[in-house]
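**Student:** This is the structure, below, for whatever I ask next.
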Amino acid sequence: MTMKKDFSKKLLITGGAGFIGTNFVRHRLTHHPDERIVVLDALTYAGNLAGIEPFFSNNNFRFVHGNILDDTLLMVLLREEQIDTIVHFAAESHVDRAIHEPDAFIETNVIGTHTLLKAAKSVWLDSDFKASHRFHHISTDEVYGSLGPTDPPFSEKTPYAPNSPYSAAKAASDHLVRAYCHTYGLQVTMSNCSNNYGPYQFPEKLIPLTIVNILENREIPVYGEGLNIRDWLYVEDHCRAIELILNMGEVGEVYNIGGNNEWRNIDIVKRICRITDDKFRKDKSLSFRFPDAPPGRGIKAESLITFVKDRPGHDARYAIDPGKSKRELGYSPVESFDTGIVRTIEWMLDNELWWRSVMDGTYRKWIDLQYKNR
Ligand code: NAD
Ligand code: TDX
């Protein structure tokens with residue numbers, strides 16, 4: 001591997017073929033052509049090269065198909081590429097999967113993160129290659145647990161109270177990252193973000209699943225009564241926040257990132273239904289492209305809403321207080337929900353090939369089984 005030494009930064013992005021990772025890589029390569037970007041991704045069911053493939057011919061970009069549990073690979077990559085910045089997205093990320101099959105969550109989110117921390121420590125702190133460095137860990141609001149209807153939003157000082165195997169595994173990884181900073185002096189930053197939505201999100205999460213199910217004339221499963229609340233953030237705003245943290249964040253600090261945008265699930269689903277109905281009304285070609293979709297046949301998409309058995313341990317409400325990020329980094333979301341949700345629906349309408357290719361038979365079988373077992 002030939003190395004160019006004049007890159008302004010050399011980033012290793014784990015999980016860069018997943019939803020947020022793909023958006024971050026695209027954002028970074030567009031805005032920072034002077035940087036070396038190495039993506040490491042195991043390409044699990046949630047990883048997909050479609051969003052980053054256009055960059056394969058860039059000589060500042062490299063994709064490595066590999067696992068964060070592979071310590072030898074990590075050490076080779078960190079040395080060979082002279083990486084100075086790690087942005088760690090790689091994780092198992094879906095709460096429902098964690099409930100059914102938690103093992104992979106412990107392996108990737110806990111052991112995988114620890115393997116990455118050990119490699120970073122070994123190369124950055126214990127060897128001759130003592131580059132100025134940064135390990136940025138991507139975490140989630142779910143580690144703080146669940147809020148009551150009138151509780152104040154999660155701040156960086158809210159005690160951890162994870163409720164699912166997913167959030168418990170993320171919490172464990174956060175503690176390890178913090179400990180590697182405190183004990184060994186690894187230069188870490190962390191961000192805890194609320195629910196993201198936007199292009200390239202795997203259609204197992206609420207928003208893309210709702211859109212795909214309308215287009216395929218499948219029931220839209222709403223857990224319980226649909227009254228649980230999430231604080232939604234357009235994925236590009238998350239990417240901008242991470243960028244601000246890399247530039248201005250203080251080592252050892254945690255930053256909460258949110259959208260000031262709380263919605264009950266049922267209201268989000270109904271809103272997606274109405275926007276999709278409207279799209280079909282205005283663009284008759286959609287009825288030909290998606291002949292099964294109810295709005296193409298004069299039936300309201302809302303007719304697909306089906307209340308199903310609740311998710312076990314379902315957190316009632318998440319909300320983020322982004323005050324610290326605003327004060328210290330100048331962060332605030334740019335995309336409004338009104339525009340972000342329309343952009344997301346339009347992206348799904350324009351990228352049928354993408355969602356059909358990621359939702360292969362294996363995935364469909366898994367999700368069908370899950371609903372049968374409810
Ligand atoms: P995702 O599931 O879409 O993508 C995860 C990526 O990690 C995939 O490309 C997958 O192939 C890769 N991966 C999984 N296991 C791996 C392993 N062992 N080694 C290497 N690569 C592996 O997830 P996402 O929604 O993009 O989330 C990214 C990060 O952001 C996660 O850490 C998640 O906890 C966090 N987060 C997500 C949200 C959200 O709403 N999606 C919100 C807050 C925080
Ligand atoms: O079919 C569904 N029906 C439904 O009612 C699905 C998939 C979800 N839901 C509900 C459960 C949640 O209350 O919608 C809400 C959102 O669910 P998800 O999209 O699965 O997200 P959530 O469980 O809130 O977790 C997400 O946000 C935090 C991400 O998946 C995590 O990776 C992130 O850390």
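**Student:** Hand me the list of helices (runs of 4 or more DSSP H) wholly inside the range 291-374 holding 1 or more residues that are modelled with pLDDT of 95 or more and basic (Lys, Arg).
**Tutor:** Correct list: 323-329, 337-350.
**Student:** Just the residues that are loosely packed, with under 14 Cβ neighbours inside 10 Å and among the acidic types (Asp, Glu), please, taken from the range 279-304.
**Tutor:** Asp283, Asp292, listed by residue number.
**Student:** Further, regarding this structure: Kindly indicate which of Asn48, Asn67, Asn23 is within 16 Å of ligand 1 (Cβ to nearest atom), in contact with a Phe, Trp or Tyr (Cβ under 9 Å, 6 or more places away or on another chain) and at pLDDT 95 or above.
**Tutor:** Numbers: Asn48 fails: at pLDDT 95 or above; Asn67 fails: in contact with a Phe, Trp or Tyr (Cβ under 9 Å, 6 or more places away or on another chain).
Going through Asn48, Asn67, Asn23 in turn, the sole match is Asn23.
**Student:** A follow-up question, please. What are the residue pairs meeting all of these: first residue in the range 294-318, first residue near ligand 2 (Cβ under 10 Å from one of its atoms), second residue modelled with pLDDT under 95, Cβ atoms under 6 Å, and 6 or more apart or on different chains?
**Tutor:** Filtered contacts from the range 294-318: Val308/Arg374.
**Student:** Here's something else I'd like to know. Quick check: anything in the range 168-184 over 22 Å from Ile245 (Cα atoms) and touching a residue at least 60 places away in the same chain (Cβ under 8 Å)?
**Tutor:** yes
**Student:** Next question. Determine if the range 163-183 includes at least one residue that is over 20 Å from Glu92 (Cβ atoms), within 15 Å of ligand 1 (Cβ to nearest atom) and buried (at least 23 other Cβ atoms within 10 Å of the Cβ).
**Tutor:** Checking the range 163-183: not a single residue is over 20 Å from Glu92 (Cβ atoms), within 15 Å of ligand 1 (Cβ to nearest atom) and buried (at least 23 other Cβ atoms within 10 Å of the Cβ).
**Student:** Could you tell me how many of the residues in the range 275-333 are farther than 30 Å from Phe154 by Cβ and not polar (S, T, N, Q)?
**Tutor:** So the answer is 25.
**Student:** When you look at Leu12, is it surrounded by fewer than 20 Cβ atoms within 10 Å (Cβ to Cβ) and either in a helix (DSSP H, G or I) or not charged (D, E, K, R) (or both), yes or no? Let's see the steps before the verdict.
**Tutor:** Numbers: surrounded by fewer than 20 Cβ atoms within 10 Å (Cβ to Cβ): no; either in a helix (DSSP H, G or I) or not charged (D, E, K, R) (or both): yes.
No, not satisfied.
**Student:** Right, here's the next one. Among the residues of the range 253-272, count how many are outside any loop (DSSP other than H, G, I, E, B), touching a strand residue (DSSP E or B) at 6+ places or on another chain (Cβ under 7 Å) and not β-branched (Val, Ile, Thr).
**Tutor:** Total meeting the criteria: 6.
**Student:** Out of Lys309, Lys324, report the one residue that is surrounded by fewer than 14 Cβ atoms within 10 Å (Cβ to Cβ) and in contact with a strand residue (DSSP E or B) (Cβ under 9 Å, 6 or more places away or on another chain).
**Tutor:** Lys309
The values are calculated or read from the model by the stated rules, or taken from the named source; none is laboratory data. Since the model is a prediction, treat every value here as computed from it, not as a measurement. So basically every Cβ, Gly included, is an ideal-geometry build from the backbone, and we count neighbours across all protein chains shown.
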